[in-house]
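Only one structure is covered here, and it is reproduced in the block below.
All of the numbers you see were taken from the coordinates with simple rules; none came from a lab. From a predicted model like this one, the values you see are computed outputs, not experimental measurements. Positions of Cβ are backbone-derived with ideal geometry, glycine not excepted, and every protein chain shown enters the neighbour counts.
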There are 2 protein chains.
Amino acid sequence: MSVGERELIKRIRERVGAPGRATLVGIGDDAAVFERAQGLGLITCDAFVDGVHFRRDFATFREIGTKCMVANISDIAAMGGFPTRAVVSLCIPAHIAEADIAAIYDGFLDACRRYSFDIVGGDIVSSPSDLAISITLMGAASRDRIVTRSGAVVGDAIMMTGRVGGAEAGLRALTAGLPQEGAVHVAVRRHLRPVPRIAEAQAFLDVATPHAMIDISDGLGSELWHLAEESGVGVRIEESRIPIDASAIAVAQKIGCSAFELAMGSGEEFELIVAIPPSEMSRTVEHMAAVTGTTATHIGDVVDAAEGCSIVRSDGSRESLERSGYEHLGGVNGEVMGNE
Amino acid sequence: MSVGERELIKRIRERVGAPGRATLVGIGDDAAVFERAQGLGLITCDAFVDGVHFRRDFATFREIGTKCMVANISDIAAMGGFPTRAVVSLCIPAHIAEADIAAIYDGFLDACRRYSFDIVGGDIVSSPSDLAISITLMGAASRDRIVTRSGAVVGDAIMMTGRVGGAEAGLRALTAGLPQEGAVHVAVRRHLRPVPRIAEAQAFLDVATPHAMIDISDGLGSELWHLAEESGVGVRIEESRIPIDASAIAVAQKIGCSAFELAMGSGEEFELIVAIPPSEMSRTVEHMAAVTGTTATHIGDVVDAAEGCSIVRSDGSRESLERSGYEHLGGVNGEVMGNE
């Protein structure tokens, strides 16, 4: 997000105003949260446009469908919830065949079946030029297991799941036309077939008291800023602690760029960033590994807001954290302006 | 909807399959319906594309925003429900200014305030060419006041609210560049500022037992076919009973077309078509007028499926009902393919 785009979202948020009492979390988090007679309801919505968020020469229609759905599932996961039902609207230009639409739906349904929820409705309309997919996903969460972006407090440890950089490395490898073998193949899979961290979010909730949680949609740097700004705190992370995906390191060597930059700016990783009390770190790491097989890594700490967001580089120098604003598909065709 | 498009929706419906137990109504109605601890939840979703569903030289961005939201509210109304919260995604090409996006949001919010619900989230993304708006609206309904499209039985009276033809007349008047005065002004308002029939749906439920209800999104002819097909019945309506809007009659004269055709094919009217037992007609008409000021008119009857959908013309001849498939903006740029 550029400054202008952040400003636009801020203005819309002001315009929309505070939601009614039954809505606990409105615009500005991974998903909105509202009261239900039993537990809490969640709702999230993401749009994806051909040439901006996906490329049809890189992915099959089925892969595109699944990935769009996974992006929404990840938003629900990052609130501590489970997906329950989806509606989908498709804007279809004339050059898209019916079989392609069916393949996109098959992709949606792969995700639905894997994570046990239904598509209950939708809309299919013609568009003059652009293929666009908009998904709204509902979810449910227990009242005592909801986590927003805004509860991090000074002193919290910042943990993240898994490893980052692979998705961006995969996209760069596809763009550069690298032969898809070995580490490149792994990176491309990370880009095309990301996995939402539902079980991992629950594992945090099982043994820790997460104060804030967010998924990596736009890149590690950006998401740390989001979490810090929504919580009214600063963050300080350490380069040496960031778990960079081996495939990202390999691809970085091949294309001659920095694996660190890949890791910081890699979007659609869908790993979780979570702020928890430091005393809960070791049991969290242990429990996470035991129940999900995923690593949880301590990458830094929550600090005073006045300190802002910074990173201690491997040489000991400290610099302001780049917002890195993941530009979908390398910014060739545009970028996400807001992604609540 | 063309045959090919109906076929596509049918195939998608088969692909998606029956929803889980908690979902009472899935794809194929105005909105999906699901069980909640208290009452029922509703969800509906519609997409709108510049040049297909609206024209920026005909409407302001604010009018466009309101009308898109109203289309969704109408779907909730037609199930017997009330809107509760919305999420909105916008695909924005570079030529759309921030002020335009704000105006679209102001349009959304006009509808939100008028019908007492919130926008709780959304997404704003860049698109290469097309401005697209996708809205998902949630709603709530009592368990004993939900009405689908599929419950009409042979012998039911088919009622409709208000008058039809005005919206199409307004669109034709705008296209023809007629001076906006008198009846033309009224018709243009009908096209640009339609009203959802929430109170009217409730009025039916207050004093009658509606077996099926649907809103006029795609045109009277099309919606009667939808209702008949979902209910497994036929319908027979009478031309002489159809309440044609005075503005449609006036515009038809000016542009030299048939007011009847305007009335049958007029989309986005958002009037309701309702099947009720004939014994409940007179009290329904009375109650409707008393609590909403809207007329309810008996336009025909539900007949055996074998009879299909037909209309008795004013000269006594009978013909098959045209699906009329309202083509948004006269089909200049495409048409709705599915609109659940």
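Here are some notes:
- Cut-off under 5 Å, modelled amide H: who pairs with B:ASP123 long-range: B:VAL88, B:SER89, B:LEU90
- C-alpha center-to-center spacing [segment B:234-264, segment A:1-61] in angstrom: 43 Å
- Computed on chain A, the Cα convex hull volume stands at 141 Å³ per residue.
- Each principal axis of the Cα atoms in segment B:116-185 has its own extent, and those three values, largest first, are 45, 38, 25 angstrom.
- Other residues whose C-beta falls under 15 angstrom from the C-beta of B:THR209 contribute a net charge of -1, scoring Lys and Arg +1 and Asp and Glu -1.
- Cα-centred dipole magnitude for segment A:30-109, charges only on beta-carbon of K, R (+1) and D, E (-1), debye, nearest 20: 120 debye
- All other residues whose Cβ lies under 10 angstrom from that of A:ARG190 are scored, Lys and Arg at +1 and Asp and Glu at -1, for a net of -1.
- Three-way shape label, the protein assembly as shown, alpha-carbon gyration tensor, a/c 1.5: prolate
- Charged-residue dipole, Cβ positions (Lys, Arg, Asp, Glu), chain B about Cα centre, Debye nearest 20: 420 debye
- Residues B:ILE255, A:ILE96, sorted so that the one with the fewest Cβ neighbours within 10 Å comes first: B:ILE255, A:ILE96
- Close amide H partners of B:LEU321, meaning residues 5 or more places away or on another chain with modelled amide H under 5 Å apart, are B:CYS309, B:SER310, B:ILE311.
- From phi via Karplus (6.51, -1.76, 1.60), per-residue ³J(HN,Hα) for segment B:44-49 in Hz, x at Gly/Pro: 9, 8, 9, 10, 9, 10
- Helix content alone sets the calculated 222 nm mean residue ellipticity of chain B: runs of n ≥ 4 DSSP H residues at -39500 (n - 2.57) each, divided across all residues, give -11000 deg cm²/dmol.
- For B:ASP304, B:ASP57, A:ASP30, the sequence from fewest to most other C-beta atoms within 10 Å is B:ASP57, B:ASP304, A:ASP30.
- Selected from B:GLY139, B:GLY232, B:GLY219 as most flexible by GNM, with chain B as the system and alpha-carbon contacts under 10 Å: B:GLY232
- Volume per residue of the C-alpha convex hull in segment A:157-331, rounded to whole Å³: 108 Å³
- Sorted from nearest, the other copies put their A:LYS10 label points 5.4 nm away, the label point being 7 Å from Cα in the direction of Cβ.
- Backbone HN-Hα couplings from phi across segment A:10-24 [Karplus 6.51/-1.76/1.60, Hz, Gly and Pro as x]: 4, 5, 5, 4, 5, 4, 5, x, 6, x, x, 4, 6, 9, 7
- In order along segment B:244-259, phi translates into HN-Hα couplings of 8, 5, 4, 5, 5, 5, 5, 5, 4, 4, 4, 9, x, 10, 8, 4 Hz, rounded to whole numbers, per the Karplus curve 6.51 cos²θ - 1.76 cosθ + 1.60 with θ = phi - 60° and x for Gly and Pro.
- Normalised by the number of residues in chain A, the average gap of Cα pairs under 8 Å and 6 or more apart makes the relative contact order 23 percent.
- Neighbour cut-off at most 16 other Cβ (10 Å), DSSP loop, GluC sites (Glu not before Pro), segment A:141-233: A:GLU181
- For segment B:3-145: relative contact order, % (alpha-carbon pairs under 8 angstrom, 6 or more apart): 31 percent
- Starting from the label point of B:CYS257 at 7 Å along Cα→Cβ, the same points in the other copies fall at 5.3 nm, in ascending order.
- Mean silhouette area of segment B:3-145, derived from the convex hull of its C-alpha atoms and averaged over all directions, reads 10.0 nm².
- Proximal lysines to A:LYS254, defined as alpha-carbon separation beneath 28 angstrom and excluding residues fewer than eight positions away on the same chain: A:LYS67
- Within 10 Å of each Cβ in A:175-184, the average number of Cβ atoms from other chains: 0
- Ranked for footprinting exposure by Cβ neighbours inside 10 Å, fewest first, B:ASP75, B:ASP50 give B:ASP50, B:ASP75.
- Farthest positive-ward along segment B:3-145 dipole, Cα basis, beta-carbon charges - from B:LEU24, B:ALA78, B:ILE119: B:LEU24
- Summing charges over all other residues whose Cβ lies under 12 Å from the Cβ of A:GLY316, with Lys and Arg as +1 and Asp and Glu as -1, gives -2.
- Across segment B:42-123, the relative contact order, built from alpha-carbon pairs under 8 Å that are at least six residues apart, equals 40 percent.
- Ascending list, in nanometres, of distances separating the B:ALA99 label from those of the other copies (7 Å, Cα toward Cβ): 4.9
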